[in-house]
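Quick note: the coordinates plus some simple rules give every number you see, no bench work behind them. None of the values given here were measured: they were computed from a predicted structure. Methodologically, a virtual Cβ is constructed for each residue, glycine included, from the backbone with ideal geometry; neighbour enumeration extends over all protein chains shown.
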């Protein structure tokens, strides 16, 4: 059956924006380059905050405070630049544990980025295939244009499972980065509809310009 988008009331528009923002934040964490950027930003905040602690609480000079922070985060094993208070030693212990975790996180993402976009696409495609195979009672949205995007946002607000079919290959990386289940191909072909799990779907939507599929599926 064909479902046409309904006008959005103001409250639904607001909920759609919030859901879209949450979706973008969660999907950003799935992209290795964005994860690396986040990890480096967290590392910068950790170094800046720790430097301020050693400067203001322990009374070190700026250079000594920065030096103490760097050798602690890097766990190189050098001694204290100046004697620390009990509170300073407890802070340093916490800094070592947090610094090792953040540093390993940043290094892992850097390695993943250096392996290249092809590797990332390959991994994400495998994850997406497994995710699509597990979809049940979902909605199929054919086309990720202006209307299709609005329908996806509406389904996100409602917390429904859905999948997007679009024949434009340039959309694939965007859909992968956003974590949106999708199949790239012509929605009028039975093979594409089968890959999208239409037989397991609750309903589907085609834009008015798209011919109705010839399959006997439920859409």
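Simple spin-label estimate for residue 56 and residue 161 gives 5.0 nm between the two label positions (7 Å along the Cα-to-Cβ direction from each Cα).
Modelled this way, with points 7 Å down the Cα-to-C-beta line, the labels at residue 74 and residue 37 are 2.7 nm from one another.
Using R₀ = 45 Å, calculate the FRET efficiency as 1/(1 + (r/R₀)^6) where r is the Cβ-Cβ separation of residue 189 and residue 100; round to 0.05. So, using R0 = 45 Å, E works out to roughly 0.30.
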